[in-house]
Amino acid sequence: MSISILYIDPGSGSLLFQILVSGLLTVMVFFKKGVHFLKTIFSLKKARPALKEEEEGG
């Protein structure tokens, strides 16, 4: 196998780096928003009875 096959020019290298970074950030934001959404759903279920008690008592 020739060494010239392993060469990546600067343009291709920066493109691969950009793809890697953007993919990683996309995954991080996706999961962060998903976790926040799930926390919001479960916290609303717990908060609803407390809101009803405040409305009745106040």
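Computed from the coordinates by the stated procedures, all read-outs in this text should not be read as laboratory data. All values derive from a computational prediction rather than experimental measurement. Positions of Cβ are generated from backbone atoms using ideal geometry, with glycine treated the same way; all protein chains shown enter the neighbour counts.
For Val29 and Ile8, the difference between the fully extended length at 0.36 nm per residue and the C-alpha to C-alpha distance is 4.6 nm. For the stretch 25-36, 3J(HN,Hα) computed residue by residue from phi via the Karplus equation (6.51, -1.76, 1.60; θ = phi - 60°) reads 5, 4, 5, 4, 5, 4, 6, 5, 5, x, 5, 4 Hz, glycine and proline entered as x. Extending 7 Å from Cα along the Cβ direction at Val21 and again at Leu38 yields two label points whose distance is 3.0 nm.
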